[in-house]
1. Going through region 54-78 one residue at a time, which ones are surrounded by 13 or more Cβ atoms within 10 Å (Cβ to Cβ) and outside any strand (DSSP E or B)?
2. Say we look at region 79-101 and pick out the residues that are without any contact (Cβ under 8 Å) to a residue 24 or more places away in the chain and assigned to a strand (DSSP E or B); which of these is farthest from Arg144 (Cα to Cα)?
3. List pairs: first in region 128-153 and more than 14 Å from Phe109 (Cβ to Cβ) and at pLDDT 95 or above, second part of a helix (DSSP H, G or I) and among the polar types (S, T, N, Q), Cβ under 8 Å, 6+ apart or cross-chain?
4. Please count how many residues of region 1-36 are in contact with a Lys or Arg (Cβ under 6 Å, 6 or more places away or on another chain) and among the hydroxyl-bearing types (Ser, Thr, Tyr).
5. Mind listing whichever residues of region 105-126 are touching a strand residue (DSSP E or B) at 6+ places or on another chain (Cβ under 9 Å) and over 20 Å from Glu136 (Cβ atoms)?
6. Which numbered condition trips up Phe5, out of (1) without any contact (Cβ under 8 Å) to a residue 40 or more places away in the chain; (2) among the hydrophobic types (A, V, I, L, M, F, W, C); (3) under 15 Å from Arg118 (Cβ atoms)?
7. If I filter region 2-23 for residues that are farther than 16 Å from Tyr69 by Cβ, at pLDDT 90 or above and not in a helix (DSSP H, G or I), do I get at least one hit?
8. What's the number of the only condition in (1) touching a Gly at 6+ places or on another chain (Cβ under 9 Å); (2) free of Cβ contacts under 8 Å to residues at least 40 places away in the same chain that Ala26 fails to meet?
Amino acid sequence: MTDAFTGEKLAVLERQIDEWLAELYANHDHIVAVDRSPDDDVRWFVRMRGEDKDFTTVWLTLGQRTLRYETYVMPAPEENHVQLYEHVLRRNDRLVGAHFSIGVENAIFLRGEVPVDRVDRNELDRVLGTLYAQVEQCFTGMIRIGFGSRFEG
């Protein structure tokens with residue numbers, strides 16, 4: 001198990017994440033917003049402009065042992081539930097560091113976590129890039145499976 005970060009070590013990592021996210025925001029046009037949650041001082045969001053999905057927002061939550069990350073991919077499917085769930089499970093088999101899951105109101109999320117002792121600028125960039133790329137690659141196909149009748153006609 002990863003050793004817990006407490007006190008000063010956690011505060012240093014928080015400041016580093018703030019700095020890394022500010023740098024990413026300043027250097028990447030597709031990142032349109034970076035902010036911290038007003039309700040919790042160890043949760044950030046990064047909003048990125050996409051091509052297939054208009055926006056992808058990644059939430060980062062810093063704990064004593066892990067940095068958790070997640071993004072909302074799509075609402076609960078209206079149809080073809082089995083086909084959609086099989087599709088995302090097969091995608092999970094190819095993913096590294098993230099996985100599709102069913103969340104609040106049966107919506108589809110992409111989530112993962114990394115131990116705090118592995119969090120650095122490169123890892124944060126990898127996390128954001130992985131979630132962004134996966135959403136861009138799968139969104140249109142997943143929507144067509146889960147809401148196919150809306151595209152007929």
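The values are calculated or read from the model by the stated rules, or taken from the named source; none is laboratory data. In this text the structure is predicted, and so the values were computed from the model without any measurement. Ideal geometry is used to build each Cβ from the backbone, glycine not excepted, and the neighbour counts take in all protein chains shown.
1. Residues satisfying the conditions are Gly63, Gln64, Arg65, Pro75, Ala76, Pro77.
2. Keep residues of region 79-101 that are without any contact (Cβ under 8 Å) to a residue 24 or more places away in the chain, which gives 82, 85-86, 89-90, 92-94, 99, 101.
From what's left, assigned to a strand (DSSP E or B): 99, 101.
On the way: His99: 20, Ser101: 18 Å.
Looking at the filtered set, the residue picked out is His99.
3. As it stands, the answer is Ile145/Gln83, since those pairs meet every condition given.
4. If we filter region 1-36 for residues that are in contact with a Lys or Arg (Cβ under 6 Å, 6 or more places away or on another chain), which is where we start, we get 2, 4, 20, 30, 32-33.
From the residues that got through so far, the ones that are among the hydroxyl-bearing types (Ser, Thr, Tyr) too are 2.
Residues flagged as in contact with a Lys or Arg (Cβ under 6 Å, 6 or more places away or on another chain) and among the hydroxyl-bearing types (Ser, Thr, Tyr) within region 1-36 amount to 1.
5. Correct list: Glu113, Val114, Pro115, Val116, Arg118, Val119, Glu123.
6. Every listed condition holds for Phe5 apart from (1).
7. no
8. (1)
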